[in-house]
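Data first, discussion second: the structure below is written as structure tokens.
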Amino acid sequence: MAGAVTLGLWPLRAAAPSTLYVAFWFDTEDYLLPASDDAAKRLAEMFARRHARATFKVVGEKARVLAARGRTDVIAALAGQTIGFHGNFHSVHPTPAEYSRDLAWHEGVQEFLRREGPGFESVTTVFGVKPACYGQPGSSWTPESYAALRQWGVPVYLDVTDQVRLRDQPFWYGGVLNVLDLGDAVLRTGWSDAEVARACARFDRLHDRLLAAGGGLVSVFYHPCEFIHQRFWDAVNFAKGANPPRAAWQPPPVKTAAESERAFHAFETFLDHIIQQPNTKLVTARELPTLYRDGAYARAWDGDDVRALARAFQRAVSFARLGSAGDWVSAEEGLELLAQAAVSRPSGATTPAFHPRFAFGPASRAEQYLRRGQLSGPGLVAAAGEFLAVLRRTGQMPSVIWVDGQPLRPEDFAATLGAFVERGLADPSSARPVDLVPGSLAAAQYVADDSPQLWGWVIFPEGFHAPRLMELAKLQAWTLKPAALAPVVAR
Ligand SMILES: [Zn+2]
């Protein structure tokens, strides 16, 4: 959608031409083959020559190996691009989803920090810059990684994976901007002339379609090692749970020099084709947060917004688009606004203004013990106050909310508080009890169910499953909402 900008009361259509943003990113991970160091440098220089930038997501051990090999030339070339983080050892078992599989939320956060933190430090130290993004090794995604990213101050999750997928668009989840599976806006080319021609034609169709729709984002990803190897370095050593000692690690088979040249040439042709298209701009993970602002925190929400949420939550608890500017709030932010409105209700003389802050979804899934009954107005107001106090104290939603001594799941609390607040806005004097409204966290539908396809990476032991991890991931759907491309305003 073309952005509609609101100035005062007048919604103006953005007058500037829309832009197609293209994020090129390279998972820079192979620390076995020295030739992959040169491949990374060559790709970085390819972008630098065009005064363009890509994102290089570097593995911690890769950064350490580059330093140990004295490859200051490679480090300098990559540092001239945008640096991201891609895990500490990438494929040495256990990988993040393996070690988090059966952990509770807080354990999973601590274990991610303990195991991946040294890699984050290595990349930061070697390149002299804090990584602009993270993306998991293979499909070894975990919800707890988001809490670590918030601690590290990393605002972007850049990868392609299907654990959370929102209409093939960028989204907010876990308090981080996610650019994951963008559907057909994830583009790659093979190495033959025919494949390059097909990929360029696909880009052209995408270019026209997305620009006609007001702009968009295309994601193009490679691994520097793909340009020089025949098989992935980790498939050779760590497939199906194999975990040989370091001394037994084998380098992967390599392409011939001619095959490798053909790969670089194919990629360069594809890159030049994209760069030359009108209204097309290359972006890196460093720039993505300025393209996708989160409007929920910068503004005050009012009684009309709260009324709309109160109605919506009685039907389904999910993210919502509110206000004249059409900013999105997550289900968590929506519940926070409702709770603020409930608490402020008795002193409604001035026009109230509400401000959410980010909080994680609950750490545990609660049972639905209470399915029907009535709750008192004072009990709901007190519970709303307690809910806000927990958010302030822990930065995370409580797993259970107690109203009149009864345990409610957050989604039931959200729907019931919606009914209470809607009635209170219409009739502030009403002291009648409120019927419990069973709620459902509709936003959780965008988080995948556990399935073999989610964990199809060659590294995982055969039959790998992570149902508990995906249950925690669904609880974090409270934080999910679309990320809208900030409108471009002609000046
Ligand atoms: Zn990788």
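What number, rounded to the nearest 500 deg cm²/dmol, is the helix-based mean residue ellipticity at 222 nm of the chain, given -39500 (n - 2.57) per DSSP H run of at least four residues and division by all its residues?
-12000 deg cm²/dmol
What percent do you get for the relative contact order of the chain when only Cα pairs under 8 Å and 6+ apart count?
21 percent.
Hey, can you grab everything whose amide H is under 5 Å from the amide H of Val22? Only 5+ residues off in sequence or another chain; H modelled, so Pro and N-termini drop out.
Hits under the 5 Å cutoff: Val218, Lys281, Leu282, Val283.
Just how large is the dipole of segment 303-446 about the Cα centre, in debye to the nearest 20, putting +1 at every Lys and Arg Cβ and -1 at every Asp and Glu Cβ?
120
Can you pick out the pairs among Lys240/Lys481; Lys130/Lys240; Lys62/Lys255; Lys62/Lys481; Lys130/Lys474 whose Cα atoms lie more than 24 Å from each other?
The pairs that break the limit, which is 24 Å between Cα atoms, are Lys240/Lys481; Lys130/Lys240; Lys62/Lys481; Lys130/Lys474.
Between Ala201 and Glu386, what's the calculated FRET efficiency when r is the beta-carbon distance and R0 is 45 Å? Round to 0.05.
0.20
Got the relative contact order for segment 19-292 handy, in percent, Cα pairs under 8 Å and 6 or more residues apart?
With pairs under 8 Å counted, the relative contact order is 27 percent.
Counting alpha carbon pairs within less than 8 Å and at least 6 residues apart, what relative contact order, in whole percent, applies to segment 303-446?
Taking the mean separation of contacting Cα pairs over the length of segment 303-446, I get 33 percent.
³J(HN,Hα) across segment 308-315 via Karplus (A = 6.51, B = -1.76, C = 1.60, θ = phi - 60°), whole Hz, x for Gly/Pro?
Ordered by residue, 3J(HN,Hα) equals 4, 5, 4, 5, 4, 5, 6, 8 Hz.
List every residue whose amide H lies under 5 Å from the amide H of Val58, counting only residues 5 or more places away in sequence or on a different chain, with H placed 1.01 Å from N in the peptide plane.
Residues meeting the amide H criterion: Thr28, Gly84, Phe85, His86.
How would segment 440-491 be classified by its alpha-carbon gyration tensor: rounded, prolate or oblate, with rounded meaning a/c under 1.5 and the a/b versus b/c comparison settling the rest? Intermediate values should be presented prior to the final figure.
Values: a/c = 4.40, a/b = 1.92, b/c = 2.30.
Oblate shape, in that a/c is at least 1.5 and b/c is the bigger or equal ratio.
Where Lys and Arg each count +1 and Asp and Glu each count -1, what net charge lies around Leu182 among other residues with Cβ under 14 Å from its Cβ?
0
Can you tell me what share of the DSSP beta bridges in segment 153-286 is antiparallel? A percent to the nearest 5 is fine. Working shown, then result.
On the way: 4 of 9 bridges.
Counting DSSP beta bridges with both partners in segment 153-286, the antiparallel share is about 45 percent.
Any idea how far apart Ala257 and Asp435 come out in nm if each label point goes 7 Å out from Cα toward Cβ?
Inter-label distance under the simple model: 8.1 nm.
For Ala48 and Arg393 in one chain, what is 0.36 nm times their gap in residues minus the Cα-Cα distance, to one decimal in nm?
Contour length minus the Cα-Cα distance gives 119.6 nm.
Please give the contour-minus-distance gain from Arg114 to Gln277: 0.36 nm per residue of separation, less the Cα-Cα distance, rounded to one decimal in nm.
54.2 nm
List, in order, the whole-Hz ³J(HN,Hα) value for each residue of segment 445-458 obtained from phi through the Karplus relation with A = 6.51, B = -1.76, C = 1.60 and θ = phi - 60°; use x for Gly and Pro.
Computed from phi, the couplings for segment 445-458 are 5, 8, 9, 5, 6, 4, 7, x, 5, 5, 10, x, 4, 4 Hz.
Work out how much length Ala353 to Glu107 would gain on full extension: take 0.36 nm times their residue separation and subtract the Cα-Cα distance, in nm to one decimal.
Length gained, Ala353 through Glu107: 84.9 nm.
Hey, what do the phi angles of segment 379-395 turn into as Karplus ³J(HN,Hα) couplings, whole Hz, using 6.51/-1.76/1.60 and θ = phi - 60°, x for Gly and Pro?
x, 5, 5, 5, 5, 5, x, 5, 4, 5, 5, 5, 4, 5, 6, 10, x
Compute the Cα gyration tensor for segment 303-446, then decide on rounded, prolate or oblate, letting a ≥ b ≥ c be the square roots of its eigenvalues: rounded whenever a/c is under 1.5, prolate when a/b is larger than b/c in the other cases, and oblate in all that remain. Don't skip to the answer; put the middle values down first.
Numbers: a/c = 1.36, a/b = 1.05, b/c = 1.30.
Rounded is the answer for segment 303-446, as its axis ratio a/c remains below 1.5.
Within the chain, what's the longest run with no GluC sites (Glu not before Pro) in a DSSP loop and at most 12 other beta-carbon atoms within 10 Å? Give the range, please.
The longest uninterrupted stretch comes out as 1-366.
Toward the positive end of the charge dipole of segment 19-292, about the Cα centre and with charges on Cβ (Lys, Arg +1; Asp, Glu -1), which of Ser122, Ala52, Val109 goes farthest?
It is Ala52, whose Cα lies furthest towards the positive end.
Bear in mind that the values in this text are calculations on the coordinates, not laboratory data. Keep in mind it's a predicted model, so treat the numbers as computed, not measured. Note that each Cβ is placed from the backbone with ideal geometry, even for glycine, and that neighbours are counted across all protein chains shown.
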